[in-house]
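**Q** Here you go, one structure.
The values are calculated or read from the model by the stated rules, or taken from the named source; none is laboratory data. Keep in mind it's a predicted model, so treat the numbers as computed, not measured. Neighbour counts run over all protein chains shown; Cβ positions are idealised from the backbone, glycine included. What goes into the accessible areas is simple: the full protein's heavy atoms, side chains included, and nothing from ligands, DNA or RNA. Shrake-Rupley method; radii C 1.70, N 1.55, O 1.52, S 1.80 Å.
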Amino acid sequence: MRLNFTLFFLLLLSITAYTQKLTGIWRGHFSSSSGIYKEGIREEMYKYEIQIEQQANNGLKGITYSYKSTVFYGKAELQGILSLPDKSLIIRETKLVDLKIGDKSEPCLMTCYLDYSKIGKLEILEGTFISLNAKDKADCGSGKVYLERVNSSDFKKEDFLIKKKQTDTLAKKKTADSLRNVSQPTKTPNAKETIFQDKTVKKPVSPPTTTKELPKKSGEVAKKNEKKSATSKPIKKEEKVNPPSSSVERIPESAVNSKKNETSLETQDEIIKKVPIPRVLKERENSLVRTIQTTEEFIQIDLYDNGTIDNDTISVYHNNEIVVSNNRLSYSPITIKIKSTKINNRHELIVVAENLGDIPPNTALMVIKAGKERYEIFLASNEQRNAKVVVEYTPKE
C-alpha cells in the first residue's frame with residue numbers, strides 16, 4: 001500500500017512539474033522594424049525580460065521589463081495562454097506599472113506570439129510581436145522577440161518565483177523522504193536477534209592462540225611451501241622447452257597484414273584526437289546544436305550575423321584547432337572549407353563568442369553547403385556557453 005501511494009505521489013509530482021514548465025525568468029531582446037519608440041529610426045533594439053507564472057489551466061501571468069540603458073524603461077503586467085500540442089504561447093501586456101521614456105516616445109503595450117524550443121540545455125522563446133499605443137490604441141509597430149530561460153533577474157524577483165523555489169525545495173525533500181521509507185522498510189527484531197546482536201557487540205569473540213601450536217603450524221607451512229616450490233620448478237622448465245606452436249601456424253600472412261593496416265588507421269585517428277583541447281572549450285559548456293550526415297567530401301561553412309549587425313565577434317574551432325580568430329560577423333560571410341577523408345571523417349565545429357555585441361547574446365547564422373545539400377543553422381553563444389555543430393562524413397559506396 002505504501003509503495004502504491006509513493007508511486008502515485010511521484011506521478012502527481014511529475015505532472016505538476018510538467019505544468020510548471022514555463023514558470024521562471026526569460027531574458028533577451030526585441031526589435032521593431034518600424035520604430036516602435038522613436039520616430040525616424042528604421043529599427044529599434046531593446047532588452048526584454050519576462051517573469052512568468054504558469055497556472056494549472058495553462059494560463060500565464062506575470063510581468064515584463066523593456067529597457068535600454070537610461071533612454072527607455074518600462075514595466076508592465078502580462079496575461080497569456082499556453083498551447084501544449086504545438087508548444088506555442090501568446091503573451092499580452094495589459095497594464096503599464098512603471099515607465100520612463102523620452103519626450104518623442106509613446107508608451108506602447110505589446111502582444112507576443114512565441115514558440116518554445118530546447119537545444120541541449122538551452123530553452124528558447126522566439127517569435128513576433130505587435131503593439132498598440134497605451135493612450136489612444138494606435139498602431140505602434142511590430143517586430144521580432146528572442147528570449148532565453150535564465151536563473152537570475154536584472155530586476156527584482158516576483159513573489160511567485162520566490163514561493164515556487166520554496167515549494168520545489170519542499171517537494172524534493174518529501175520525495176527523498178518517501179523514497180527512503182520505501183527502500184529502507186522498518187523491521188521489528190525478535191528477541192533472539194536482539195540478544196545475539198547485544199552479545200556480538202559487547203563481547204567480541206577472539207580466536208584462541210597458544211604458544212605450543214605456533215611452531216608446529218609454522219613448520220608445516222614451511223614444509224608445504226618447500227613442496228610447492230619443488231613441484232613448481234619442473235613445470236616452468238617443461239613450459240619453456242615445449243612452447244605451443246599450433247596457434248602461430250594458424251594465422252595466415254594476409255590476416256597479419258590486415259591487422260597492421262587497421263593498427264595504422266587507428267594510430268592516425270588517435271593522433272587527430274590527441275590535439276590539445278583549448279582552454280575556452282574546457283571552461284565553457286559546448287552545447288550541441290545539430291549533427292549533419294553527408295556523403296560529400298568537400299564541405300563549405302559560411303557564417304553571417306543573424307539579423308542586425310551589432311558587432312558580434314567570434315572564433316571558430318575545427319576539431320580543437322582554431323580556424324577563425326576574433327572575426328566580426330556581418331552580412332559578408334566568414335568562410336571555412338573542409339575536405340573529408342576516410343580517416344578525417346568527423347568534424348566538430350565550435351563557435352565561441354569573443355564578446356556579446358551590442359545586443360546579447362552573440363548570434364550567428366551558419367550555412368553549410370555539401371554538394372547540392374544546404375543547411376541553415378541558427379547559433380547563439382555567450383560567455384558561459386559555446387555552440388557546437390558536428391558534420392559526419394560517410395564515403396559513397
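**Q** Using the basic label-point model (7 angstrom from Cα toward the beta carbon), what is the LYS337 to LYS68 distance in nanometres?
**A** For the pair LYS337/LYS68, the computed spacing is 4.1 nm.
**Q** Amide H of GLN55 versus every other amide H placed in the peptide plane: which residues, excluding those fewer than 5 positions away on the same chain, fall under 5 Å?
**A** The answer is LEU60, LYS61.
**Q** What is the calculated FRET efficiency for GLU77 to GLU106, with r their C-beta to C-beta distance and R₀ = 22 Å, to the nearest 0.05? Could the numbers behind the result be given before it?
**A** Working: r = 19 Å, r/R0 = 0.86.
My answer for the efficiency is 0.70.
**Q** Between ASN319 and LYS163, how high is the FRET efficiency from 1/(1 + (r/R0)^6) when r is the Cβ-Cβ distance and R₀ = 41 Å? Nearest 0.05.
**A** Values: r = 48 Å, r/R0 = 1.16.
Rounded to the nearest 0.05, the efficiency is 0.30.
**Q** So how much slack lies between ASP98 and ILE130, counting 0.36 nm per residue of separation and subtracting their Cα-Cα distance, in nm? Before the final figure, lay out each step's value.
**A** Details: separation 32, 0.36 × 32 = 11.52 nm, distance 2.02 nm.
Extending this stretch completely gives an extra 9.5 nm.
**Q** In whole percent, how big is the carbon plus sulfur part of the accessible area of region 48-98, probe 1.4 Å, protein atoms only? Mind dumping the intermediate values first?
**A** Numbers: 1200 of 2350 Å².
Solvent-exposed carbon and sulfur of region 48-98 make up 51 percent of the total.
**Q** Pull out the extension gain between GLU283 and ILE90, defined as 0.36 nm times the separation in residues minus the alpha carbon to alpha carbon distance; nm, one decimal. List each step's numbers first, then the result.
**A** Details: separation 193, 0.36 × 193 = 69.48 nm, distance 3.70 nm.
Extending this stretch completely gives an extra 65.8 nm.
**Q** Determine the gain in length on full extension of the stretch LYS118-ASN345; use 0.36 nm per residue of separation and subtract their C-alpha separation, reporting nm with one decimal.
**A** Length gained between LYS118 and ASN345: 78.9 nm.
**Q** Next question. Which FRET efficiency, nearest 0.05, do LYS21 and LEU365 yield, Cβ-Cβ r, R0 30 Å?
**A** Values: r = 28 Å, r/R0 = 0.94.
Result of the calculation: an efficiency of 0.60.
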